[in-house]
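Trainee: To start, I am sharing the structure in question, which I have written as structure tokens.
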Amino acid sequence: MLLLSLILVPFVGSAIAALMPANARNREAWLAGGVALFGLLTTLFLYAQTGSGEAVRFHATWLPGYGLDFMLRMDGLAWLFAMLILGIGLLVVIYARYYMSPADPVPRFFSFLLAFMGSMLGVVLSGNLIQLVIFWELTSVTSFLLIGYWHHRADARRGARMAFTVTATGGLCLLVGVLLLGHIAGSYSLDVVLASGDVVREHPWYLPTLVLIALGALTKSAQFPFHFWLPHAMAAPTPVSAFLHSATMVKAGVFLLMRLWPTLSGTPEWTWIIAGAGLCTLLIGAFVAIFQHDLKGLLAYSTISHLGLITVLLGIGSPLAVVAAIFHTLNHATFKASLFMAAGIIDHESGTRDMRKLRGLYRALPYTATLAIVASAAMAGVPLLNGFLSKEMFFAETLLVGGPENWGMSLAAILMGIFSVAYSLRFIHVFFGPLAADLPKAPHEPPRWMRFPVEFLVLCCLVVGVAPGWSVGRLLNNAVLSVLGAQAPEYDLAVWHGFNLPLLMSVLALVGGVTFYTLLRRRYDLIHSDRVPLLHRFNGKEAYESTMLRLTSTAASLETLLSTRRLQPQLVLMMVLLVAVPLLLVRPLSLLAFSSGGEFSPLFAGLWVIGCACAIGAAWQAKYHRLAALSLVGGTGIVTSMTFLWLSAPDLALTQLMVETVTTVLILLGLRWLPARIAPRELNLRAPRSAWVRRSRDMAIAVSAGLGMSALSYAVLVRPASPGGISDFFLTRALSEGGGSNVVNVLLVDFRSFDTLGEIAVLAIVALTVYALLRRFRPAPESVPIPAQQANSVDPAAGQTPAQQVESGYLQVPSVYLRLLFPIMLVIAAYFFLRGHNLPGGGFVAGLTFAVAIIVQYMLAGTAWVETHLRLQSNRWIAFGLIAACATGLGAWAFGHPFLTSHTAHVTLPLVGEIHLPSAFVFDLGVFAVVVGATILILVALAHQSVRSHRLPAGSVPPRATGKEIK
């Protein structure tokens, strides 16, 4: 359960932070810091198990037949990444408390940050591949919200869209790759997949699987050619950049490559794809970083380069390269997070990040400058700092992979080292020289606790650089063992390995970097030039935007060609397809077989004649009289209900009857939103010939589609059940496994309860959407106006104004007596609900019956009486229903069963005897509550609008809804 709490607590904290009031930075920061600290302490506690080589697991049954159980798995690698996420996350929270302005919507910031933290923990702790992809996409969504946090800025919106488009597209590729990988391995369980390396590599689908998974990893970690999105994500607040681009989002891609290394590596395809992309990335990112003018831009491109370095190490494929990749991931997270925070301090205290304006900052910010210089030296690979150790291991691996004859990889590594020293010097240069006098703000040291995260991370750089074995040796070894297992090599984290080629390469990189930067400052205008030499023609942002514009224009052309804004042509196309597709898929004459199983019934045929007449009459009356058309449509619904009853489907008949009743009333209330229709004969106009031709065509298509669907439905309803078929399955198992003899209800609340849960969730969303729309848009008040001269006149008989009579329902005298229908209908609703598991009924029908009871009261007594005496709060009904339905599934989880598994308990009560209480009863209660709440929410919204417009004098405009009218 500790693993589950690591995932749940950040999401719960995110929801709480979102509900906090604005301008309360301390409370939100304490909440976010408490969540991160809880996770950090929990992860440290779990080290006792992961440190001994075990993997801590949590398993909850979800869909065991498809291998889609909820599984959490923490081994040494997941533990190390969880520590990075939570440790740096805690430091970012402390830093953000002082960085964020009180004018910013801080609750939203911490809510997004905690949601992203939970998503990232889900990625590293997932023990199921499908589950990993779900959390993977959640990181894309939450990072989109974080990058676009300052949504009033165009660059933030563009950067967020670009990051989301690239990473989400890669996520779709990853999903397909994971599906293929699980199919090859025979399971989506990570334990099974990691043990199936030989099977996967020998499978014919290995290459497409590798390419798809690599696309997911490379897009998330900003590898070539997808590296262009990362610099534009710098529009996010600096705490976001420090978190996302040092220890979390961009590290998700390399984590995935590490996690699947035992399964996918060891082939030439792996080396060419992964190492090739990484090699291009580390050179391009390092070179472009030198010529950036924005501090965060420089750090963004340097991040791309270092991610390329890690990717190259993983692509090399040797066990020692994996050790170096994990080690450099840890080192990069520490010095890069500290540098991002230092850049944020400079921006926060001086008002700019433009290196063309910044100089001499050491005089104003001596402590911050010292910390930033040390972190920059670690990034450059200076000895006695952590970056030097992992970069030297990188140099050693490039020597091994090329051998004595191929020095290409080693030369690329030295070149990357030279570039990294150059851009590190570019960053350090802003602290020297005379202090700039034209800065937007007079720079000064930040608050003490704002600088603390930078101090702590720089201290980590120093400690790891001086004593690597003592500080991180065991942690690194646990992570390596979890990836390599028996292939784990012997390695030494000592600072000094003697004079060797990797040390020579490090010296060449340092000396070459200083020399290169000096020459650049003398020969190239680093201050005023906005172009990157050699690479300025290759702009990934422009290529992305050109691609998006082409896609948009193509979509617009297809929309113009295939669609129309008019509803009627779209309906014609749908009906034609509805007629044509069944004729293409099914032999037309086979539909005649439905009559072979029964005798002709004149009564049933007459029933259908009535239904057809109602349908045709509704189509005719819709042109002139909508109320009559609505009544005729209701007639077709009643005929449909009677058809279900005739064909021995009482559950469907009850549901259809209740649905017809409710929808007729709701549509009746909504008719006043429609524009007025005037018959052509009232204007002495004759419809043109083309109109008659079009109507005849539409009539033919509609009748053909209707007859086709009727024949198809009838054929299905009268077809005898085949032994061993789907219907036989449910008929034989409804009572034994579902605990009920009403197969329809058992099917809805037991066998396919997950579908029903989705349906009631959709119903709740629709109701809330209708309510929101009705609050925003009001009908014209002059639909049924009360003349101004009569609005305040008093009827001596009634003693009230007409407006008061409409509101109070006084004019409807029989309503006083018909209110007695309410308790009777409640008893009927309870009867249908309680018997639904064994006889026709259930939560859906009972909810509609209850809703009809309330609708009758609204129609007879008026809104004022109903809301005064009943006090319905439909939002609470909906919330209770969804919570009850979900609690049924979570209860099954708590007892170790798949989600929404139904169980039946037999209880003996005095005087009553033995009764059975299925857990599906609670689920059905949730369905009942959602149906009632959704129906009443829509009804009350429509009723309020109608009553309000009736009460208004002619020509007045109704006020905007405040949301307080509807409970």
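Trainee: What are the residues in the range 41-78 that are in a helix (DSSP H, G or I) and within 25 Å of the chain's Cα centre (by Cα), if any?
Mentor: Listed by number, the residues that qualify are P64, Y66, A78.
Trainee: Please state which one of T209, T169 is surrounded by 21 or more Cβ atoms within 10 Å (Cβ to Cβ) and either out of contact with any strand residue (DSSP E or B) (no Cβ under 9 Å at 6 or more places or on another chain) or on the phi > 0 side of the Ramachandran plot (or both).
Mentor: T209
Trainee: Additional query: Mind telling me which of the residues L257, L212 ends up being more than 30 Å from R108 (Cα to Cα), in contact with a helix residue (DSSP H, G or I) (Cβ under 9 Å, 6 or more places away or on another chain), without any contact (Cβ under 8 Å) to a residue 40 or more places away in the chain and assigned to a helix (DSSP H, G or I)?
Mentor: Residue meeting the stated conditions: L212.
Trainee: Just checking, does the range 774-786 include any residue being at pLDDT 80 or above and either under 27 Å from the mean Cα position of the chain (by Cα) or charged (D, E, K, R) (or both)?
Mentor: Among the residues of the range 774-786, not one is at pLDDT 80 or above and either under 27 Å from the mean Cα position of the chain (by Cα) or charged (D, E, K, R) (or both), which makes the answer no.
Trainee: Does V430 fit the bill of being buried (at least 24 other Cβ atoms within 10 Å of the Cβ), modelled with pLDDT under 95 and more than 18 Å from D492 (Cα to Cα)?
Mentor: Here the answer is yes, as V430 does meet what is asked.
Trainee: Looking at the range 736-749 only, could you name the residues that are assigned to a helix (DSSP H, G or I) and modelled with pLDDT under 80?
Mentor: Once the filter is applied, which keeps residues that are assigned to a helix (DSSP H, G or I) and modelled with pLDDT under 80, the range 736-749 yields S736, E737, G738.
Trainee: Now a separate question. Do you know which residues across the range 148-179 are over 19 Å from V123 (Cα atoms) and touching a Ser or Thr at 6+ places or on another chain (Cβ under 9 Å)?
Mentor: The one that is over 19 Å from V123 (Cα atoms) and touching a Ser or Thr at 6+ places or on another chain (Cβ under 9 Å): A160.
Trainee: Moving on. Do we have V609 as out of contact with any Gly (no Cβ under 7 Å at 6 or more places or on another chain), at pLDDT 75 or above and closer than 20 Å to A702 by Cα here?
Mentor: When the stated conditions are applied, V609 passes them.
Trainee: Going residue by residue through the range 26-40, is there one that turns out to be of a type in the set (S, T, N, Q), touching a residue at least 12 places away in the same chain (Cβ under 8 Å), buried (at least 17 other Cβ atoms within 10 Å of the Cβ) and part of a helix (DSSP H, G or I)?
Mentor: No, that holds for no residue.
Trainee: Give the residues of the range 156-207 that are more than 17 Å from V133 (Cα to Cα) and of a type in the set (D, E), sorted by residue number.
Mentor: If the condition is that a residue be more than 17 Å from V133 (Cα to Cα) and of a type in the set (D, E), then D198, E202 are the ones that fit.
Trainee: Also: Collect the residues in the range 478-500 that are part of a helix (DSSP H, G or I) and either farther than 27 Å from G408 by Cβ or at pLDDT 90 or above (or both), keeping them in residue-number order.
Mentor: N478, A479, V480, L481, S482, V483, L484, G485, A486
Trainee: How about the range 547-574: which of its residues are under 24 Å from W229 (Cβ atoms), among the hydroxyl-bearing types (S, T, Y) and loosely packed, with under 11 Cβ neighbours inside 10 Å?
Mentor: Answer for the range 547-574, where residues must be under 24 Å from W229 (Cβ atoms), among the hydroxyl-bearing types (S, T, Y) and loosely packed, with under 11 Cβ neighbours inside 10 Å: T552, S553, T554.
Trainee: Take the conditions in contact (Cβ under 8 Å) with a residue 24 or more places away in the chain, under 30 Å from I16 (Cβ atoms) and in a loop (DSSP other than H, G, I, E, B) and apply them to Y149. Does it pass?
Mentor: Yes, satisfied.
Trainee: Name the residues in the range 8-24 that are surrounded by fewer than 21 Cβ atoms within 10 Å (Cβ to Cβ) and either within 20 Å of the chain's Cα centre (by Cα) or assigned to a helix (DSSP H, G or I) (or both), would you?
Mentor: L8, V9, F11, V12, A15, I16, A18, L19
Trainee: Something else now. Test of understanding: among V35, V12, which residue is under 28 Å from F112 (Cβ atoms) and in contact with a Pro (Cβ under 9 Å, 6 or more places away or on another chain)?
Mentor: Just a single option satisfies the conditions, and that option is V35.
The values are calculated or read from the model by the stated rules, or taken from the named source; none is laboratory data. Everything numeric here is computed off the predicted structure, so don't read it as measured data. Positions of Cβ are backbone-derived with ideal geometry, glycine not excepted, and every protein chain shown enters the neighbour counts.
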